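In what follows, a single structure is set out as structure tokens and then discussed.
Just so it is clear, none of the values below were taken in a lab; they were calculated from the coordinates. Everything quoted here is computed from the prediction, not taken from an experiment. We place every Cβ from the backbone using ideal geometry, glycine too, and count neighbours over all the protein chains shown.
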Amino acid sequence: MNEIVVHFPVRMDSGEVEVFTGYRVQHNNTLGPFKGGLRFHPDLSIDEVRALATWMTWKCALAGIPFGGAKGGIQIDPAKYSRAELERVTRRFTFALGDAIGPEYDIPAPDVNTNAQIMAWILDTYWSTMPAHDRQRCMHVVTGKPIESGGCPGREKATAQGLVFCVERWAEDHALDLGKASAIVQGFGNVGSWAARLLAAKGTRIVAVEDAGGAIAAADGIDPEALADHARREGTVKGFPGTRPVTHEEFLSTAADIFVPAAMESQITGETAPLLRVRLVAEGANGPTDPAGDELLRDLGIDVLPDILCNAGGVIVGYFEWLQNKRSESWDLDEVDAKLKKKILAAYRQVEQTSRERGGLDRRTAAYIVALSHLQAVYRERGIFP
Ligand code: GLU
């Protein structure tokens, strides 16, 4: 529906001024306010943001939450900037977006390289532009905030938690004991590190992990808690004691039951899909599989839990945060987890049912059918103006 591109200046610690480019693509708000994350990445382009915004529309429709789809971000490599610079960049971007976002209109959230702290700066900047007496009723302009600033317990792990609820259900249906299973994880940011931790808590061995800095493997399993400490300190999983360094190809061809891609788009392609030696791909990332890769996974008999189902936990708990802010409520973690499980498994069941009804249709197409049928029904009812 709308594409917003902003260019804005920010003063660096050195005193120099740098001009940044930011995007917000608002794909569709038929089912509710635009919703979607903001990512900070040096290669971010409007085309990528368009795709990510579109997936948000379908994801929210599939999850049955009253949101549309949007996505945005800034073309920036956050590793190259100080915390103070990132704060000024975030605030100036928020200011540049102005009325394009709003608690009942378009609600950003964390995504690649953004986190609760950045959401707190967005909230504070948005508030600073409003009359004092309007501020409190706009707490839900952004989700994924720190708990103290109106965030929701369990939001940080929510995407991975939703993924693990889906994987558990799949494992039950396919006689896989997660206590004896193994997994490889690509990406060790929010989704990857939490997926590794939550799977390890079920007894699953994490046998290889890859991030932008390199890949590591250990047949006996990698302790994700200790790896998270290492990655926080070193900025990469590479060099984690007790593991051996492996190449990208070796990482992808590590034998395991489950592969969790939780990094960037287009990782599973015509070239890389044949390397995989797993039973299940559980998509934590958005768009990790390209069309050629998808076809090959089908041919190879590797099952897929598609992104718009498998990573919907983040936006589902984002919805819970938004609701709590609107109602001045605070739910506890057990309540959040129970509600998340119920919602994501309802979507899972719908996808399974559609797949069965259509003669064993792949889950990704089935998920698109569920999501787009919902949107189609609304378009039919409302018609097109004028
Ligand atoms: N960035 C997350 C996603 O891709 C969450 C979006 C949100 O909560 O709005 O689903």
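Taking the criterion of being polar (S, T, N, Q) and part of a loop (DSSP other than H, G, I, E, B), the residues of region 112-143 that qualify are ASN113, THR114, ASN115, THR129, THR143. Looking only at region 67-108, residues that are among the acidic types (Asp, Glu) and in contact (Cβ under 8 Å) with a residue 60 or more places away in the chain come to 3 in all. Elements of the type helices (runs of 4 or more DSSP H) sitting completely within region 302-386 and holding at least 3 residues that are among the β-branched types (Val, Ile, Thr): these cover 313-327, 333-357, 363-382. Taking the conditions exactly as written (within 16 Å of the ligand (Cβ to nearest atom) and either in contact with an Asp or Glu (Cβ under 9 Å, 6 or more places away or on another chain) or over 30 Å from ASP257 (Cα atoms) (or both)), does VAL142 satisfy them or not? Judged against the criteria, VAL142 is a match. The residue that is surrounded by the fewest Cβ atoms within 10 Å (Cβ to Cβ), among those in region 23-78 that are of a type in the set (D, E, K, R) and within 13 Å of the ligand (Cβ to nearest atom), is GLU48. Among the criteria (1) surrounded by fewer than 17 Cβ atoms within 10 Å (Cβ to Cβ); (2) touching a residue at least 60 places away in the same chain (Cβ under 8 Å); (3) in contact with a helix residue (DSSP H, G or I) (Cβ under 8 Å, 6 or more places away or on another chain), the one ILE344 does not fulfil is (1). When region 262-281 is filtered for residues that are within 15 Å of the ligand (Cβ to nearest atom) and surrounded by fewer than 22 Cβ atoms within 10 Å (Cβ to Cβ), the ones remaining, listed by number, are ALA263, MET264, GLU265. Summed over region 167-209, residues that are buried (at least 24 other Cβ atoms within 10 Å of the Cβ) and either in a helix (DSSP H, G or I) or not β-branched (Val, Ile, Thr) (or both) total 14. Just to be sure I understand, how many residues within region 214-265 are in a helix (DSSP H, G or I) and of a type in the set (A, V, I, L, M)? Looking only at that region, the number is 5.
Kindly indicate the residue of region 282-321 that is among the charged types (D, E, K, R) and within 16 Å of the ligand (Cβ to nearest atom) and also surrounded by the fewest Cβ atoms within 10 Å (Cβ to Cβ) among those meeting that condition.
Restricting to residues being among the charged types (D, E, K, R) and within 16 Å of the ligand (Cβ to nearest atom), the top hit is ASP307.
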